[in-house]
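Report on one structure; see the data block that follows.
The values are calculated or read from the model by the stated rules, or taken from the named source; none is laboratory data. Model, not experiment: these values are computed from the prediction. So basically every Cβ, Gly included, is an ideal-geometry build from the backbone, and we count neighbours across all protein chains shown. For the accessible areas, the whole protein counts, side chains as well, though only heavy atoms, and no ligand, DNA or RNA atoms are used. Shrake-Rupley method; radii C 1.70, N 1.55, O 1.52, S 1.80 Å.
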Amino acid sequence: MSASKMKLSTRLGLGFGTVLLLLVVVSAMGIFKLNSVKDGIDLIVDYRIPNVHAATEIIDANYQLALLARDSLLSKDPQQIKKNMEQIPVQREQIKKSTALLESNLTTDEGRRLLALLVAARNKYAPLLDEFAQLINANQGEQAYQLQETRINAAHADYIAAANTLIDFLNDRAKQDGEDAASEVSAATWTIIG
C-alpha cells in the first residue's frame, strides 16, 4: 500500500512510531556510551589513582628512611637513635604494602616491567639499609657514615628514580584514561542531541 492511499491518521501514526523508534535507538546508544564513560571513570578511580598513591607512598617511606638514617648519624642520644631504628621496619612495612598493591593492580607489560625495576632497586637498597642499621646499633657511626656516602645514597637515588619512572607511567595512563572518558562524553552528547 502506498503512502498516498493511507489515511492521514495512519500516516501520522507511522510517522510518530518512527520518531519514537528513533528516540529509543538514540537513547539506547547514549546509555551505552555513558556506560563506557562510567567504566573509564571507574578505571581511573579504582585503579589508576590508588596505583599512583601506592607508588607515591613508596617514595614517601623511602624519604622517611633516609631521614631516620641521617638523624641516627647526627644524634648523640642513644634513646633517639633507638627510636629512629625502631621506625625503619614501620616504613619498610608501608613499602611492602604499597608494592603488594601495585603487584596486584598492574596488568600491562610496561607496568609490570617498571614495577620489576622498582623491586630490583629496592632489593639493592634494602640490604645496605640493614647493614647501616647494624653499624648504627653497634655504635659504629663513622663506618655507617662511609656506607651511606659510598653506597646507600646512590642506591637510594636509583630506588627513587625507579619509583618516579613508575609514577610517570601511571600518571600518563590515568591522563589517557581521562582523555578517553572525555571523548566518550563528547560522543555520547553528540549521539543524544545530534
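Here 167, 136, 160 are screened, and the one residue that is among the β-branched types (Val, Ile, Thr) and modelled with pLDDT under 95 is 136. Quick one: residue 116 ticks every box in (1) hydrophobic (A, V, I, L, M, F, W, C); (2) over 22 Å from residue 153 (Cβ atoms); (3) open to solvent by less than 50 Å² (accessible area, probe 1.4 Å) bar one, so which box is it? Against the list (1) hydrophobic (A, V, I, L, M, F, W, C); (2) over 22 Å from residue 153 (Cβ atoms); (3) open to solvent by less than 50 Å² (accessible area, probe 1.4 Å), residue 116 comes up short only on (3). Whenever a residue of segment 98-120 is within 13 Å of residue 170 (Cβ to Cβ), its partners that are of a type in the set (D, E, K, R) and open to solvent by 60 Å² or more (accessible area, probe 1.4 Å), lying with C-beta atoms within less than 6 angstrom and at least six residues away or across chains, give the pairs 106/112. Of the residues making up segment 33-71, those that are of a type in the set (A, V, I, L, M) and over 17 Å from the mean Cα position of the chain (by Cα) number 7.
Can you name the helices (runs of 4 or more DSSP H) wholly within segment 1-113 that have at least 3 residues being basic (Lys, Arg), open to solvent by less than 90 Å² (accessible area, probe 1.4 Å) and under 30 Å from residue 148 (Cβ atoms)?
Counting at least 3 such residues, we get no helices (runs of 4 or more DSSP H) at all.
Within segment 132-155, does at least one residue satisfy the condition of being within 20 Å of residue 50 (Cα to Cα), acidic (Asp, Glu) and part of a helix (DSSP H, G or I)? No.
Taking the conditions (1) farther than 25 Å from residue 104 by Cα; (2) within 25 Å of the chain's Cα centre (by Cα) in turn, residue 77 satisfies each one other than (2). The set of residues in segment 150-194 being more than 18 Å from residue 56 (Cα to Cα) and touching a residue at least 60 places away in the same chain (Cβ under 8 Å) consists of 152, 177, 178, 180, 181, 184, 185, 187, 188, 191, 192.
Per the listing 136, 152, the residue uniquely touching a Ser or Thr at 6+ places or on another chain (Cβ under 6 Å) and crowded, with 18+ Cβ neighbours inside 10 Å is 136. Only one of the numbered conditions (1) at pLDDT below 95; (2) more than 17 Å from the chain's Cα centre (by Cα); (3) of a type outside the set (A, V, I, L, M) is violated by residue 172, and that is (2).
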